[in-house]
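The values are calculated or read from the model by the stated rules, or taken from the named source; none is laboratory data. All values reported here derive from a predicted model rather than from experimental measurement. Here the Cβ is made from the backbone with ideal geometry for all residues, glycine too, and neighbour counts use every protein chain on show. Note: areas computed on protein heavy atoms with side chains; ligands, DNA, RNA excluded. Shrake-Rupley method; radii C 1.70, N 1.55, O 1.52, S 1.80 Å.
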Amino acid sequence: MEAWFSEQIDQTFTTFGTSHTWMLSIYLVVSLVILLMHQTLKNSSVLHNIVRYSLLFLLIISEISYQTWTIMHGLWMEGSHLPLHLCGIASLLGVAALITYHPKLIKITFFIGILPAAIALITPDIPHGYEHFRFWKFFVHHMAISWTSLFLIISTKVTIKGKDLLETFFYLIIYSVFIFIFNIYFETNYLYLNGPPIAGTPLDWMGEGAMYYISLVLTALFVFSLMYFLYKLIKKTR
């Protein structure tokens, strides 16, 4: 247990290795189950609340345990451990949405929570393998973010319109400006506005300089549009 929660890396992470493939499979299966059980999740208050509070627990315990781990090992820095990345914000908004069921929060988490978390699961930026706490924290947390976003939109009466896409995109741009200033002041790289992470991600294809920022904006708009299209498709199918 001591080694499981330690700072050292005894087993490195392998992209698309056995443990990674298992995590992706679990993510896909549970996501499909949530989609297929949408009507039951709406009609059964008992099952609905079981899923609701389970996701709430996973989101909260993931963030608290990670912050605790970084503090215990003297690793905590405002430059890399604040929940200011897109998935971090999606996690916090997901918690708020699960508690309040505020329609606007549900709509925002739908756009920023599902695909960004799914992409993170496919291209994880973690050094530890499955025998370490950070491996499980990363995958459980990001899966919970995506599942929460999906659960909230298919198990409630909230509907998404085109203006919700544009409104969420506007919020993201405003937030990005704030983070851009924050990055300059604290010399950080939240939202990866100063460049892609070390681990290989789709951000490596965004170009450099002004083209990098243009690509980020266009990609965000494309992802939001794709999410809206999938929402309309799922709604039509149901």
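What tally of residues in the range 46-78 results from selecting those that are in a helix (DSSP H, G or I) and open to solvent by 80 Å² or more (accessible area, probe 1.4 Å)? Full working, then the answer.
First, pick out the residues of the range 46-78 that are in a helix (DSSP H, G or I): 46-72.
From the residues that got through so far, the ones that are open to solvent by 80 Å² or more (accessible area, probe 1.4 Å) too are 46, 50, 53, 57, 64, 71-72.
Looking only at that region, the number is 7.
When Thr40 is tested against (1) touching a helix residue (DSSP H, G or I) at 6+ places or on another chain (Cβ under 7 Å); (2) open to solvent by less than 60 Å² (accessible area, probe 1.4 Å); (3) over 28 Å from Arg134 (Cα atoms), only condition (2) is not met. Residues in the range 116-129 that are open to solvent by 40 Å² or more (accessible area, probe 1.4 Å) and part of a helix (DSSP H, G or I): Ile119, Ile122.
Looking at the range 66-93 only, could you name the residues that are of a type in the set (Gly, Ala, Ser) and within 19 Å of Thr148 (Cα to Cα)?
Step one: filter the range 66-93 for residues of a type in the set (Gly, Ala, Ser), giving 74, 79-80, 88, 90-91.
Matches in the range 66-93: Gly88, Ala90, Ser91.
Of all residues in the range 93-125, count the ones that are in contact (Cβ under 8 Å) with a residue 12 or more places away in the chain and over 25 Å from Leu32 (Cβ atoms). Walk me through how you get there before you give the answer.
Residues of the range 93-125 in contact (Cβ under 8 Å) with a residue 12 or more places away in the chain: 93-95, 97-99, 101, 103, 105-125.
Still in the running and over 25 Å from Leu32 (Cβ atoms): 99, 103, 125.
Within the range 93-125, residues that are in contact (Cβ under 8 Å) with a residue 12 or more places away in the chain and over 25 Å from Leu32 (Cβ atoms) number 3.
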